[in-house]
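Where a number appears in this text, it was derived from the coordinates with a stated rule and is not lab data. If you're wondering where the values come from, they're calculated on a predicted model, not measured in any experiment. Virtual Cβ from ideal backbone geometry, glycine too; neighbours counted across all protein chains shown.
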């Protein structure tokens, strides 16, 4: 047992959430809960040692930090909310012959949140608790080296998933093997695409960090290429467009950041072998590749503007439907999974997708959990982000260290890994407005782990 045991359990939690094919079964959620709890337990028993710190002091400090962590309290409060929602469920669909209408029976505790679909409520409570365990473990028991190790493990895991999908497609088309498991790809296309966009940001940041610190190897770009392929194979047009956008913006940022460190021949080599292939591949993919889902959607709509307008109308309709339902259940919502169950009462069946979702995460969360439930989740996320915001406030006191880049360019005062992780986290939030992204455990947990690790690569006051 050593200090990396907690990191290993956090990574196993993320790996398990991605490789499990039947994520709706009870054994999946039990395994997820067990791995997260063991990660927190090992983080408390084997905490990371600081300089000139004994194991006993580190052990006591870890327990004190965890007990006083406001994220733990906010996360447990949100978990308790969802537990009450589940316990207060079991409402039956009954018919009122006088009013000649169907309705759900009132919950046992009319003062509290309730859910019609109890299984979804228990899954939401489990996911909230797993989120709390992972974030507290990373915040209080894992140091910077352990977080970098976790990010590398996440990158390798996603690369293995993408490699398997490519191999599966090749074997299916070449050898007729149609029974191979798809693992991550049974999930919704927007969740799969968002997952690989996030992993592109993680692997891109690690690639830049390795290159600038002399840890370059021939296989280093392989995870980034596999993540990019996975995003393109997801079949979700917004995710595909976001992946190409991230590749372009990230490539320009990397070239601009590394430019002062390269001599003339290296600059030309990077332009020819780095940027040119991406531009050529982008033109070929969006202009000529017949199986491109984004190109097919644009051609079906008639133009890029028509596709965007049609996509925006669909999102606006789903958002309006969710907020209309929320109007009658403002504080506690209709319960986890309740959007599909309550949609017929409002004549909103047309806005329910095949998976029972509305397709817009924020609107659906407000509809199903109300202002009270979303406020508790926002409180936990706020605690997680407030430390990052405080560190970002130190950027005016940090110099870029690059003579050719003015210090007013705050983007270059951050480390490349911090910039790429920030890009990825923000893009996933934007994609959640275009589909059901955070409802998938492998996306929400990976996003939370990435945002938590981000704090280690931002400026710290003691270093000023």
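In whole Å, what is the distance between the alpha-carbon centres of region 410-448 and region 135-158?
16 Å
Taking only the alpha-carbon positions of region 12-133 and ignoring solvent, what does the Debye formula give for the base-10 log of I(q)/I(0) at q = 0.14, 0.20 Å⁻¹?
Result of the Debye calculation: -0.76, -1.10.
Taking 8 Å as the Cα distance limit and 6 or more residues as the minimum spacing, I'd like the relative contact order of region 75-141 as a percentage. Walk me through the intermediate numbers first.
Working: 83 pairs, mean separation 28.1, N = 67.
This gives 42 percent for region 75-141.
Once region 55-206 is represented by equal point scatterers at the alpha-carbon sites, with solvent omitted, what log10 I(q)/I(0) does the Debye formula produce at q = 0.08, 0.15, 0.18, 0.20 Å⁻¹?
Values, matching the q order: -0.45, -1.01, -1.12, -1.20.
Over region 45-169, what is the relative contact order in percent, taking alpha-carbon pairs closer than 8 angstrom and at least six residues apart? Don't skip to the end; give the middle numbers.
Details: 112 pairs, mean separation 34.2, N = 125.
For region 45-169, the relative contact order is 27 percent.
For region 199-217 and region 303-348, compute the distance between their C-alpha centroids and round to whole Å.
Centre-to-centre (Cα) distance: 40 Å.
When the chain is fully extended, how far beyond the present Cα-Cα distance does residue 60 get from residue 119, taking 0.36 nm per residue of separation?
Details: separation 59, 0.36 × 59 = 21.24 nm, distance 3.83 nm.
Extra length from residue 60 to residue 119 when fully extended: 17.4 nm.
How do 160-172, 334-346 rank on mean C-beta neighbours within 10 Å, highest first? Walk me through the numbers before you get to the answer.
Values: 160-172: 16.5, 334-346: 21.8.
So the peptides 160-172, 334-346, ranked by packing, come out 334-346, 160-172.
I need the fraction of alpha carbon pairs in region 193-242 separated by more than 11 Å, rounded to a whole percent. All intermediate terms of the calculation are to be shown ahead of the outcome.
Numbers: 785 of 1225 pairs.
I get 64 percent for the Cα pairs in region 193-242 exceeding 11 Å.
Give me the number: length gained by fully extending residue 103 to residue 296, i.e. 0.36 nm times residue separation minus the C-alpha to C-alpha distance, one decimal in nm.
Values: separation 193, 0.36 × 193 = 69.48 nm, distance 4.20 nm.
Full extension of this stretch gives 65.3 nm more.
Grab the eigenvalues of the alpha-carbon gyration tensor for region 294-390, scale each by 5, take roots, and send me the semi-axes largest first in whole angstrom. Display every interim value, and only then the final one.
Numbers: eigenvalues 159, 91, 19 Å².
Working through the eigenvalues yields semi-axes of 28, 21, 10 Å.
Using the per-residue mean of other Cβ atoms lying within 10 Å as a proxy for protection, in what order, highest first, do the peptides 425-434, 146-155 fall? Numbers along the way, then the final one.
Values: 425-434: 18.9, 146-155: 20.8.
Highest-to-lowest ranking by the protection proxy: 146-155, 425-434.
Quick check: convex hull over the Cα atoms of region 86-176, volume per residue in Å³, rounded to an integer?
Values: hull volume 16.1 nm³, N = 91.
It is 177 Å³ per residue.
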